[in-house]
Amino acid sequence: MPDEIVDDASEAGLPLDAPAALTLDILRHSAAHLMAAAVVDLYPGTKYDVGPPIEDGFFYNFRLPDARHFSDSDLGDIEARMRKLVKQRIPFEREVLPRSDARALFERMQQPFKLDIIDGLDDTVDSVGVYRTGEFVNLCRGPHVPDTSLLGAFKLQRVAGVYWRGDERNEQLQRVYGTAWFTEAELDAYLARLAEAERRDHRRIGRELELFHFDATAPGMAYLLPNGVIVFNQLIDYSRAEHRRRGYREISTPVVNEKHLWEISGHWDHYRENMFLIPVDEQTTYGTKPMNCPNAMVVYNLRRHSYRELPVRYADWGVLHRFERSGTLHGMLRVRKFQQDDAHIFITEEQIEAESVRVLDIVRHFYGLFDLKYSFRLGTRPDDFMGDVETWERAEASLLHILEEHAGPGGFAVDAGEGSFYGPKIDIMMEDAIGRSWQLGTVQLDFQLPRRFGCLYIDSDGAEQTPVVIHRAIYGSLERFIGVLIEHFAGHLPLWLAPVQCELIPVQDDKPEVLAYIDEVAGRLSAAGLRVDVNHRPGERMQAKVRDAELRRVPYVVVIGKRDVERQDDVVRVRDVRRESREDDSTVAALVERLRSEAEERRPA
């Protein structure tokens, strides 16, 4: 689970007034205080850091006395103490203290994390907010609920180790996560959604289906196992073919480049902390590429271009590396090494809308393969941007117009400050089967890198002009896309992606005629290009073999016994695992055609 980074400014400063209506954020912020009060009550000497509301819940970071660590059983004790405080209807009392008085207060209380927050405030801050909940005193702006009696529907969920301020060089604290809602019914519904999400967890399913492995020697870098490679290659092979059809040309570029390339691109100044760096000697440092774009500029510059050639579309399925903090790594959904269906399109400014519409059409096509619901999110200029404001505003206006014209009202949202450092972007947000939102692909408009690399084309008047570049990825990270598909389909992948598309199981595995017929059927399926497996494990009951195939999410299971052989009518019993193992009879010829057409048409699961 990623570490949430907390802005200390949200903890200190003058108190904020509560709105007329109670919000979930206020409720959860108050629940975090309630939990901290219970922890301090149960474990005297506890040092408490920060505890904000987050999506669907809250957390608080602690350092327990005597190097103690929370256990799962402790959560029940903390919850019980919280409920005791709820019954006491303890008010949340706020006051404003001079900064020096607040510092003296927390120094007497021996709360070093609060002192650090106060000391880090801007010199212009002379007063701060403090909230008292019974004996518990916290540096906080609020707002909060009037009293603890409004905090009945909550549950503590888990404990995690986190680094103070999210920096691995700092000490590790213990974070307790919880959730809080207005009513018990809302809490129960949320916990049911969590249980369903756990059932779909791609990390567990990936192990069960033998798709991938993560090893301690390579954190955040997946080992793709044979089954996983099948899924991976099916996605890439289809993407390659479709992009060729749409006028893209594939390139392959270095995984490692010398520092100078990253200085030109701006990654050295704006992205270096997220790169794996390889010092060779005192003068030379290499970096593994976190993005493909600088190398695409190099390829473009290998020869002169005319306006008649544009758009120039380069596709690159290269391996990328990003140094994500260890606390943010999460199975296939957040990794350090990945591949994506990257492309860089060099265009004139007049071609921005037409080419962007073509890219959005690719999005519709690829996401339609999986019957995925999606929307768009426009990320605008971040604080750490490259270039000039005027160019940024022009690029943002272009993307906004495109979204208004082609996504329609309600089809996109604006996420201020979330663009890339070199340009605004459209993130593709997919909604999965249980309503969760995932960021997958992206479309970025870039006026900066072509300038920095001196990219040019000759216009109709014979003058040199700088092209605009569209950076885009549709799947996004293939690893992440696979992880999301696993959770969306609960492991029941569409037939064309399934590592084993059909499994044949003998009823009597000691009958030569049965085994011979199964091998014949397997051969006919394989000859049609289907991935088929035969379960020849001797001595195992047929029902156990069927159950094993179902657990491995094999889409079709065919059971063949002696009577099927004796009938000589070429009819077998077919079980569709994705549809509650619905059974029907089929000739082998019809089965081959059924599976072949479903796979070739790439129907959703």
- line: Checked the range 453-485 for anything in a strand (DSSP E or B) and of a type in the set (D, E, K, R); matches are Glu464, Arg472
The range 246-269 residues that are without any contact (Cβ under 8 Å) to a residue 60 or more places away in the chain, paired with ones that are of a type in the set (Lys, Arg) (beta carbon under 7 Å, 6 or more apart): Asn257/Lys289; Trp268/Lys259
- line: Checking Glu405, Glu418, Glu393 in turn, the sole residue that is outside any strand (DSSP E or B), under 23 Å from Arg480 (Cα atoms) and not polar (S, T, N, Q) turns out to be Glu418
Options Leu525, Leu530; residue that is among the hydrophobic types (A, V, I, L, M, F, W, C), part of a helix (DSSP H, G or I) and under 24 Å from Gly491 (Cβ atoms): Leu525
field: The listed residue being of a type in the set (Lys, Arg) and in a helix (DSSP H, G or I), out of Arg240, Arg313
entry: Arg240
One residue from Arg358, Arg336, Arg313 being within 24 Å of Pro604 (Cα to Cα), among the basic types (Lys, Arg) and at pLDDT 90 or above: Arg358
message: When the residues of the range 183-202 are narrowed to those that are touching a residue at least 40 places away in the same chain (Cβ under 8 Å) and of a type in the set (D, E, K, R), which ends up farthest from Ile482 (Cα to Cα)?
response: Arg193
query: Out of all the residues in the range 548-592, which are farther than 21 Å from Arg199 by Cβ and in a loop (DSSP other than H, G, I, E, B)?
result: Gly561, Gln568, Asp569, Asp570
message: Any residue at all in the range 268-283 that's in a loop (DSSP other than H, G, I, E, B), modelled with pLDDT of 95 or more and either outside the structural domain of Pro450 (by TED's automatic domain parsing) or loosely packed, with under 13 Cβ neighbours inside 10 Å (or both)?
response: no
query: Taking the stated definitions as given, is Glu324 surrounded by 15 or more Cβ atoms within 10 Å (Cβ to Cβ) and out of contact with any Leu (no Cβ under 9 Å at 6 or more places or on another chain)?
result: yes
field: Filter pass, Glu540 being outside any helix (DSSP H, G or I) and acidic (Asp, Glu)
entry: yes
query: So Gly166 clears everything in (1) over 18 Å from Ala32 (Cβ atoms); (2) within 21 Å of the chain's Cα centre (by Cα) except one condition, right? Which one?
result: (1)
task: Would you point out the residue of the range 37-85, among those that are within 30 Å of the chain's Cα centre (by Cα) and small (Gly, Ala, Ser), that is nearest to Tyr163 (Cα to Cα)?
output: Gly51
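The values are calculated or read from the model by the stated rules, or taken from the named source; none is laboratory data. These numbers come from a predicted model, not from an experiment. Don't worry about glycine lacking a Cβ; one is built from the backbone with ideal geometry, like all the others, and counts go over all protein chains shown.
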